[in-house]
Amino acid sequence: MKTNIKFTGTDADEKLKAYAETKLAAFSKLLDEKSVEAAVCYVEFRKDPKHQTGDVYTAEVTLEAEGRIYRVSKDEPTFEKAIDKVKDDILQALKVDKGKHETQKRGGARVLKKMIRETA
């Protein structure tokens, strides 16, 4: 999986890049081998200092995999918390889509098996 990381309103931080890459590696567990190689993940870290409550840190992740686009953006007090929440949301969406795909595959197999039984 190819990962592109962008920093807006803050300096690039190698430690944060490494943290994000380790967290986003979890996506490859739910994708097929072909999809993992073709998948592209765009990550943007944004710091917005003009809030009454203090600085707001935003992590925005866009994952393009298996012909679908998954996009989540979260605002948190730190970049680490934001990337954790983004990762959880995208993993949940991947699990739901994988379950739907498996259900459709099994349903098609049932119909095919029924047709074979009727013709025999």
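No lab work stands behind these numbers, since they all come straight from the coordinates. In this text, all values refer to a predicted model and were calculated from it rather than measured experimentally. Using ideal geometry, Cβ is built from the backbone for each residue, glycine included, and neighbour counts are taken over all protein chains shown.
Going by how many other beta carbons lie within 10 Å of each one, how would you line up 11, 48, fewest first? Mind dumping the intermediate values first?
On the way: 11 7, 48 13.
Fewest-to-most Cβ neighbours within 10 Å comes out as 11, 48.
Find out how many positive minus negative residues lie around residue 48, taking Lys and Arg as positive, Asp and Glu as negative, among other residues whose Cβ is under 10 Å from that of residue 48. Working shown, then result.
Values: positive: 46, 47, 50; negative: 55, 75.
Taking every Cβ under 10 Å from that of residue 48, the sum is +1.
Can you grab the distance from the C-alpha centre of segment 1-42 to the C-alpha centre of segment 45-78, Å, no decimals?
14 Å
Please give the peptides 2-9, 106-113 ranked by average Cβ packing (other Cβ atoms within 10 Å per residue), highest first, as a rough proxy for protection.
On the way: 2-9: 13.1, 106-113: 10.0.
Peptide ranking by packing, descending: 2-9, 106-113.
Going by alpha carbons, how many degrees (0 to 90, nearest 10) lie between the helix axis of 79-119 and the longest principal axis of the chain?
10 degrees
Do any trypsin sites (Lys or Arg not before Pro) in segment 46-102 lie in a DSSP loop with no more than 16 other beta carbon atoms within 10 Å, and if so, which?
50
So, in nm, how far is label residue 84 from label residue 34 when the simple model puts each one 7 Å beyond its Cα toward the Cβ?
Label-label distance for residue 84 and residue 34, simple model: 3.7 nm.
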